[in-house]
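Undergrad: One structure coming up, written as structure tokens, with questions to follow.
The values are calculated or read from the model by the stated rules, or taken from the named source; none is laboratory data. What you see is a predicted model, and the numbers here were worked out from it, not measured in a lab. Glycine gets a Cβ as well: all are built from the backbone with ideal geometry, and neighbour counts include every protein chain shown. Surface accessibility is based on the protein's heavy atoms, side chains included, excluding ligands, DNA and RNA. Shrake-Rupley method; radii C 1.70, N 1.55, O 1.52, S 1.80 Å.
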Amino acid sequence: MFYIFNADHECIGACDVEPNLEDLASRGEYAAELPEGVCLGDSVIDGVIVPKVVPVDHAAMARNLRNGLRNSIDAYLMPAATINDVLVTDEQKQTLIADSLLLAAWPATAGWPFVPLPTLSPLLSELITVPAWNYQ
């Protein structure tokens, strides 16, 4: 497999046949024939594949988790929502609203997103699977 690299030695393409080396050189690029396994963005330095480091966006992951939980809660707040085929009571709705508000305020917690999820009600844990937030 032929891999194409830019001047910073980052892989920008791959092909099965040898590319036009003059054309690549005119753009400050080059090609190398290597075993398969080089991904776009990886670097090859002295024949060693150095994988591209993709930073983890903990804040985006936390917001997605929080938003997903709040969306799940919303389904139980609809006027005709039921739990085990019984209409959700006002008390249950208030409990779920309190959980949703805790989640809404979570990003304002000092150290967020590197803090645990707020403590949510047992009712919510019975209704939906609350995933673990692994922030480390």
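Undergrad: I'd like to check something: does segment 43-60 contain any residue that is in contact (Cβ under 8 Å) with a residue 40 or more places away in the chain, in a helix (DSSP H, G or I) and either under 30 Å from residue 107 (Cα atoms) or hydrophobic (A, V, I, L, M, F, W, C) (or both)? Even if it seems obvious, please write down each step before you answer.
TA: Kept after step one, since they are in contact (Cβ under 8 Å) with a residue 40 or more places away in the chain, are these residues of segment 43-60: 44, 52, 58-59.
The next check asks that each one be in a helix (DSSP H, G or I); those that pass are 58-59.
Pick out the ones that are also either under 30 Å from residue 107 (Cα atoms) or hydrophobic (A, V, I, L, M, F, W, C) (or both) and you get 58-59.
Looking for residues that are in contact (Cβ under 8 Å) with a residue 40 or more places away in the chain, in a helix (DSSP H, G or I) and either under 30 Å from residue 107 (Cα atoms) or hydrophobic (A, V, I, L, M, F, W, C) (or both), one finds at least one in segment 43-60, hence yes.
Undergrad: Also, quick follow-up: Please specify each residue of segment 20-43 satisfying the condition of being hydroxyl-bearing (Ser, Thr, Tyr) and surrounded by 10 or more Cβ atoms within 10 Å (Cβ to Cβ).
TA: Residues of segment 20-43 hydroxyl-bearing (Ser, Thr, Tyr): 26, 30, 43.
Passing the criteria: 30, 43.
Undergrad: Here is a follow-up. Inside segment 28-86, can you point out the residues that are acidic (Asp, Glu) and farther than 17 Å from residue 129 by Cβ?
TA: 29, 33, 36, 42, 46, 57, 85
Undergrad: Any residue that is within 17 Å of residue 51 (Cβ to Cβ), in contact (Cβ under 8 Å) with a residue 24 or more places away in the chain and not in a loop (DSSP other than H, G, I, E, B) - is there at least one of those in segment 23-30?
TA: Our first condition is that a residue be within 17 Å of residue 51 (Cβ to Cβ); within segment 23-30, this holds for none.
Checked segment 23-30: no residue is within 17 Å of residue 51 (Cβ to Cβ), in contact (Cβ under 8 Å) with a residue 24 or more places away in the chain and not in a loop (DSSP other than H, G, I, E, B).
Undergrad: Just to be sure I understand, how many residues within segment 76-92 are part of a helix (DSSP H, G or I) and open to solvent by 60 Å² or more (accessible area, probe 1.4 Å)? It would help to see each step written out before you state the result.
TA: Our first condition is that a residue be part of a helix (DSSP H, G or I); within segment 76-92, this holds for 90-92.
Adding the requirement that they be open to solvent by 60 Å² or more (accessible area, probe 1.4 Å) leaves 90-91.
Result for segment 76-92: 2.
Undergrad: Oh, and also: Given the structure, is residue 17 among the hydrophobic types (A, V, I, L, M, F, W, C), in a loop (DSSP other than H, G, I, E, B), within 21 Å of the chain's Cα centre (by Cα) and surrounded by fewer than 11 Cβ atoms within 10 Å (Cβ to Cβ)?
TA: On the way: among the hydrophobic types (A, V, I, L, M, F, W, C): yes; in a loop (DSSP other than H, G, I, E, B): yes; within 21 Å of the chain's Cα centre (by Cα): no; surrounded by fewer than 11 Cβ atoms within 10 Å (Cβ to Cβ): yes.
In short, no.
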